[in-house]
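Below is one structure; the comments refer to it alone.
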Amino acid sequence: MNRDLRFIYSELSEIIKTEKDSKKAIAKTRPLLDELIATRLVDEKFLRPISRRPAAYLVHRPPDRSYSVISMVWGATQAFPIHDHLSWGLIGVYQNAIREERYERLDDGSNEGYAEIKEAGATDFREGQILEEGLVFDEVHRNDIHRILNPTGKPSVSIHILASDLGMKQRHQYDPVNRTVKKFVSGYDDPDGRIEGRIVAGNDASQIISAAPYATLDTRGMVCPYPTIHTVAKLEEIGKGGVLEVLTDSEDSAYDEIPAKLKSKGLEFVVLELPAGFWKVLVRR
Ligand SMILES: [Fe+2]
């Protein structure tokens, strides 16, 4: 990591630690993002598009996970689902252009899983411009419901600084046509291209992703908490240092139950969301 990046990251840590007013924190973070973009400090490997959907690479996250710097790479006309952040953030256009569509929530949030939203405006941002997100913190009538898309015919890159480990955070995804809201974890893509899916939970995944698993446990079809119970039992059969691979199609098991159990045991693990629509857990005994 070069000297300038180290400076930016240590300034960011300081802002997150000391500035609890989100408006002021955003104002202090803005010049750091300006500098990151102007000096072209983002490594090439975080600028590569992937074919079917926008890529989200984790560029930096401090050990305490108090913030994240994410590079999103948008293929021509690609869009992200409508979502919220539940934390403040800034998005700077690093290459080409992006569009932000903002949404307003109309219902009172009393009906679980139901949400009525309507578009409240769209703005285009070009290279070097910065947009700010999430100044209001109201559980239902949030002002951070939005989506980003690439309205152009060539790839775009945006750099996001968020006051949370955004890719691992459970937040909400909205569907305006079916009027639904659901939990979602956006995850991070692997810039080294070793996996097809996204990392949605776990500790530092670099080593465990490339390890050959000792055994595979397929719990697909089982509901929570059975995938967790079977995972714990199967781990008993594996020697220390061996890697167990677990497949599950239970969202609660993948996002909550299995990670909580493995964390409580102090084990190294990663949860990947696979394009086929289920999750793979890799855990080292
Ligand atoms: Fe967003």
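The values are calculated or read from the model by the stated rules, or taken from the named source; none is laboratory data. Remember, predicted model here, so these are calculated numbers, not experimental data. Because the Cβ atoms are built from the backbone with ideal geometry, glycine has one as well, and the counts that use them run over all protein chains shown.
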### Task
Return only the number of the condition from (1) crowded, with 16+ Cβ neighbours inside 10 Å; (2) within 16 Å of the ligand (Cβ to nearest atom) that residue 183 does not satisfy.
(1)
### Message
So if I check each of 48, 65, 52, which one is away from the ligand (no atom under 16 Å from the Cβ), at positive phi and either β-branched (Val, Ile, Thr) or outside any strand (DSSP E or B) (or both)?
### Response
65
### Query
Inside region 186-211, can you point out the residues that are hydroxyl-bearing (Ser, Thr, Tyr) and either surrounded by fewer than 13 Cβ atoms within 10 Å (Cβ to Cβ) or in contact with a Lys or Arg (Cβ under 7 Å, 6 or more places away or on another chain) (or both)?
188, 206, 210
### Message
Step by step: first the residues of region 23-67, then only those that are surrounded by fewer than 21 Cβ atoms within 10 Å (Cβ to Cβ) and of a type in the set (S, T, N, Q), then the one that is farthest from the chain's Cα centre (by Cα). Which residue is that?
### Response
39
#### Entry: Scope region 261-275; condition more than 24 Å from residue 189 (Cβ to Cβ) and in a helix (DSSP H, G or I); matching residues
261, 264
### Message
With the structure loaded, tell me whether residue 66 is farther than 27 Å from residue 196 by Cα and in contact (Cβ under 8 Å) with a residue 60 or more places away in the chain or whether it fails that test.
### Response
no
### Query
Taking region 190-227 on its own, how many of its residues are hydrophobic (A, V, I, L, M, F, W, C) and either in a loop (DSSP other than H, G, I, E, B) or more than 25 Å from the chain's Cα centre (by Cα) (or both)?
9
### Task
Please list, ordered by first then second residue, the pairs with beta carbon atoms under 7 Å, 6 or more apart or interchain, first in region 26-37 and among the hydrophobic types (A, V, I, L, M, F, W, C), second in a helix (DSSP H, G or I).
32/8; 32/11; 32/12; 36/8
### Selected residue (criterion: modelled with the highest pLDDT) from residues of region 137-154 that are assigned to a loop (DSSP other than H, G, I, E, B) and within 15 Å of the ligand (Cβ to nearest atom)
150
### Query
Do we have residue 255 as among the hydroxyl-bearing types (Ser, Thr, Tyr), within 30 Å of residue 106 (Cα to Cα) and not assigned by TED's automatic domain parsing to the domain that holds residue 69 here?
yes
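Hey, can you tell me all the residues within region 71-80 that are part of a loop (DSSP other than H, G, I, E, B) and within 10 Å of the ligand (Cβ to nearest atom)? Reasoning before the result, please.
Our first condition is that a residue be part of a loop (DSSP other than H, G, I, E, B); within region 71-80, this holds for 75-78, 80.
Hit for region 71-80 is 80, nothing else.
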### Task
Search region 236-253 for residues that are farther than 20 Å from residue 185 by Cβ and pair each with any residue that is part of a loop (DSSP other than H, G, I, E, B) and aromatic (Phe, Trp, Tyr) when their beta-carbon atoms are under 7 Å apart and the residues are at least 6 apart or on different chains.
238/214; 242/214; 243/214; 244/214
#### Entry: Extreme residue, surrounded by the fewest Cβ atoms within 10 Å (Cβ to Cβ), among residues of region 93-106 that are part of a strand (DSSP E or B) and more than 13 Å from the ligand (Cβ to nearest atom)
104
### Query
Given the structure, is residue 87 farther than 22 Å from residue 182 by Cβ, crowded, with 17+ Cβ neighbours inside 10 Å, of a type in the set (Ser, Thr, Tyr) and within 15 Å of the ligand (Cβ to nearest atom)?
no
### Query
Across region 107-134, what is the number of residues that are part of a loop (DSSP other than H, G, I, E, B) and either crowded, with 18+ Cβ neighbours inside 10 Å or under 19 Å from the mean Cα position of the chain (by Cα) (or both)?
2
